1. Can you compute the modelled spin-label distance between ASP423 and LEU128, with each label point 7 Å from Cα toward Cβ, in nm?
2. For TRP335, what residues show an amide H to amide H distance below 5 Å, using hydrogens built from the backbone and excluding near sequence neighbours?
3. At a Förster radius of 35 Å, what calculated FRET efficiency corresponds to the Cβ-Cβ distance of GLU104 and PHE246, to the nearest 0.05?
4. Over 20 Å apart: what share of the alpha carbon pairs of region 14-77 falls there, rounded to a whole percent?
5. State, as an integer percentage, the relative contact order of region 176-274 based on alpha-carbon contacts under 8 Å between residues 6 or more apart.
6. What spacing in nm lies between the two simple spin-label points modelled at GLN21 and ARG153, each 7 Å away from Cα in the Cβ direction?
7. Set the bar at 25 Å for Cα to Cα. Now go through LYS275/LYS349; LYS303/LYS325; LYS325/LYS349; LYS274/LYS349; LYS274/LYS303 and name every pair that lies beyond it.
8. Ignoring solvent entirely, what values of log10 I(q)/I(0) come out of the Debye formula for region 131-373 at 0.08, 0.14, 0.17 Å⁻¹ when each Cα is a single scatterer?
Amino acid sequence: MVKQSSTRKPQGFRYEEIADQVTQLIEQGTYRPGDRIPSVRQMSLQKEVSISSVLQAYLLLESRGVIEARPQSGYYVSRHGNLNLPEPEVSSPSLDPSRVNLHELVMMVMRDSLNPDLAQLGAAMPNLELLPTERMNRIMARLARTASRGMHRYQLPPGVEELRVQIAQRAVNCGCQFSPSDIVITSGGTEAIDLCLHAVCKPGDIVAIESPMYFGTLQIIEVQGLRALEIPTNPRDGISLGALQFAIEHNPIKAVVTISNFSNPHGSCIPDEKKKDLVELLERYDIPLIDNDVSGELYFTEKRPLTTKAYDKKGLVMLCSSFSKDISPSLRVGWVAPGRYKNEVEWLKFTLSAATATLPQMAIAEFLESGGYDHQLRRIRREYANNVVMLSQAVMRTFPAGTRVTRPSGGYVLWVQLPENVDSLELYSLALKGGITLTPGYLFSPSNHFYNFIRLNAAAWNLSIERALERLGGMVVELAGRS
Ligand SMILES: Cc1ncc(COP(=O)(O)O)c(C=O)c1O
C-alpha cells in the first residue's frame, strides 16, 4: 500500500507525535477540510505537553500544508487536501499535431456512465443531491404558468438580456468588465467551445491544447477536422508557457484551448500572474485563446481566481462557461464572451441552432438575481473540497505503491497515475465487471499518452463509493502485481 503521511514515530519528539496524531484524526475524517482543530492551549492541556511543543507541531503541519492558521481565529484543516501525496509529473506529450479519433471510446464510457447499477466514478457529473433542483423546478413552473405568447416565438442570439446582465455583474468578481452585449448565451459550455473553434479555425488547422485535455473538447476538434497539438502541462499550475511558445514558433497554430481554472482532468489552476503572461504571449503572436471556465466558481480557496479574460487587451480571449456544474447540466445553458470574434460567434450560433431555449435562461436569470446562486455555491464548494480530500485519501490507502494523485484546488475530479504496467482500459473492463465505472486516461489525449491514468469523479462521497473505491484499489493491486 502507499505509505501514509501519518507513519508513527513512537521514539520521536513529542511535537512530532502530536503532529502525527492530528494528521491521523484528519485522515480518518474526525476533522474535515475547513474544520477548526483544537486551539494550542486546549491541545496542551489535553495532551499534558507544553504550549511550545503544540506550537511546534502546528507549525510542522502548516509547513506540510495539512492545516492553515487564520489570524485571530485559530488553526483549520487545509481545504486543498494538501496531505503529502505524490503528484503526477508534468506531462510530456508528442511534439507533433495529431488527428483525434476517440468517439467510439467516448460513447462507450458515456453510456456506462448512465447505468444506475454501476458505482459512478466515471463521468464528471455534478452531485445531483447538491443541485438546487426543487428551487429551479418552482421557478420554471411559475414562469411556464405565466409566460406570454412572446416567449414562444423564435429568438435571436445573443440570448435573454436579464441573464446576460446577471452574468456581466458576476464577472466583475473574476476581473472582467463586461457589458451585457459582450455575452452570447449558448447551449452549454460545449456549444460555446464549438462556436469559438468554428469562428477561428478551418478543417486541417492546428489547435494547441493543454495535455491532458477534457475529452469533450477533443471531440469537437475531431468533428471539426482540426489537429490537436498537446502542450506539456503541470498538474498544479497548468500549461507550460515555454513549451507553448516553442510550439507557436514551430507550428502555424490557429488557436489555443485551456481550462485555466480547475482543469478537467488535472484540477490545475493557472496562477493569476501566469494567466497574464499567457495572454501577453498570445497577444504577441495574435493567436486567440479559448478559455473554458465551467468550474471557475468551484474554488476551495478563500477567493475566486481571476480569468484570463481579465488581462485581455486585444479582444483575443474567448471566455466560455456554463451553469452545468452548479445549477443543472440538463438545462443546457452556457455562455461565451467572444471578444473581437463576437459577430462570427453570434452568426454561427444563429446558423447552427438559432437560439438556446428561453425558459431555462429566464429561470437561471431569476435564480442568480435572487441571491440563491451564491448560497448554492458556498454549499457545494464546501462539500466538493471535502469529497476531493476523502477520495484522494481513500486512493492512497487502497491503491498500490507507484500511484500518484493530483491535488486539485477546485472542481471535483481527481487524476490518478497508476503504476506503469497497469493499462487503464484493462482496468476499465475489470471495474465494469465489479460494478464500477471510471474514465480511462486514453480519453484525454489524441496520442494515447495517458494509458496508465484514470480520472475519478469525487463529487459524491458516501459508504458505497468508499466500498467501490476499495474494490477498485484491489483490482489495481492485482493488475500491478502481474509480471
Ligand atoms: C471542462 C468541461 N468543459 C465543458 C463541459 C461540458 O459543459 P456543458 O455541459 O455546459 O456543455 C464539461 C462537462 O463535464 C467539462 O468538464
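1. Computed distance between label sites ASP423 and LEU128 equals 3.4 nm.
2. THR186, SER321, SER322
3. Values: r = 33 Å, r/R0 = 0.94.
Approximately 0.60, to the nearest 0.05.
4. Numbers: 298 of 2016 pairs.
Roughly 15 percent, once rounded to a whole number.
5. Working: 129 pairs, mean separation 28.4, N = 99.
That works out to 29 percent.
6. 7.3 nm
7. On the way: LYS275/LYS349 28 Å; LYS303/LYS325 19 Å; LYS325/LYS349 22 Å; LYS274/LYS349 32 Å; LYS274/LYS303 17 Å.
Cα-Cα > 25 Å for LYS275/LYS349; LYS274/LYS349; rest within.
8. Summing over Cα pairs of region 131-373 leads to -0.29, -0.88, -1.27.
FYI, it's all coordinate maths here, none of it is from the lab. Note that the coordinates shown come from a computational prediction; the quantities given were computed from them, not determined experimentally. Quick reminder, even Gly has a Cβ in these numbers, built from the backbone with ideal geometry, and neighbours come from all protein chains shown.
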